1. Report the relative contact order of the stretch 24-87, percent, no decimals, based on alpha-carbon pairs under 8 angstrom and at least 6 residues apart.
2. Amide H neighbours of G55 under 5 Å, counting only residues 5+ apart in sequence or on other chains, H built in-plane at 1.01 Å?
3. According to a simple spin-label model (label point 7 Å from Cα along Cα-to-Cβ), what is the distance in nm between S5 and N85?
4. Distance in nm between label sites at T77 and E126, each 7 Å beyond Cα in the beta-carbon direction?
5. Give the carbon-plus-sulfur fraction of the accessible surface of the stretch 57-103 in %, rounded to a whole number; probe 1.4 Å, heavy atoms of protein chains only.
6. Output wanted: per-residue J couplings in Hz (rounded whole) for the stretch 92-101, from phi through Karplus 6.51 cos²θ - 1.76 cosθ + 1.60, θ = phi - 60°, x for Gly and Pro.
7. Pull up all non-local amide H partners of I3: gap of 5 or more, or a different chain, and H-to-H distance under 5 Å with H placed in the peptide plane.
Amino acid sequence: GSITSDRSFVGYSPGSLGGVTNGSGTVTVNGGTWTSSSVIQLGDSGSGTLNVNGGTVNAQALTVGLLSNGNGLVNVTGGTLGINNRLSLSQFGGAATLNISNGGTVVAGGGLYLFSTNAALNLEAEGTLQILNGAKLSTVDPAGWGDAGRAGMDGCACLFMSWPGSRRSSGAVAA
């Protein structure tokens, strides 16, 4: 089956999955397609989780753990999460985690941005991350909104990857 939506909130405000500010919600995709013609926001000021175990989730943008009291979690353990524009983790200090494993694929067409120390990317167990069209994987200086330049090296965010031959299995980043 398939679902098409406009702007989608999980764990944000009245009318969203989670129901109230500081609410919580979970979306699990085991097959089929969910297409958002706008942004999917997970855990803006509540707790939001997206599990992609199979099938496809497509959106123009994805924000995870936006505000300081937000908590967003994305688990891609199969299937594909395709973001046409920017994929943002912890833009205004919320807790945000993106886990990619077990054949799951995340495609970030406009870059992947880890904005604070509350952002984590875990790529392992044959997961794939593709950053397309000259976009970038970067940590960002939250105060200056500038490119910090070295993902996981400047103390701004955490980036964990497992490479072929490592004891944690394999992962790949395609740019």
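1. After rounding, I find 36 percent.
2. So G55 has HN proximity to G32, G79, T80.
3. Here the modelled spin labels are 1.8 nm apart.
4. Modelled inter-label distance: 1.5 nm.
5. Numbers: 690 of 1480 Å².
Carbon plus sulfur share of accessible area: 46 percent.
6. 10, x, x, 7, 9, 9, 10, 10, 10, 7
7. HN-HN under 5 Å from I3: T33, W34, T35.
The values are calculated or read from the model by the stated rules, or taken from the named source; none is laboratory data. As the structure is a prediction and not an experimental result, all values here were calculated from the model. Neighbour counts are summed over all protein chains in view; Cβ atoms, including those assigned to glycine, are modelled from backbone coordinates with ideal geometry. Areas reflect the complete protein model, heavy atoms only, side chains present, ligands, DNA and RNA absent. Shrake-Rupley method; radii C 1.70, N 1.55, O 1.52, S 1.80 Å.
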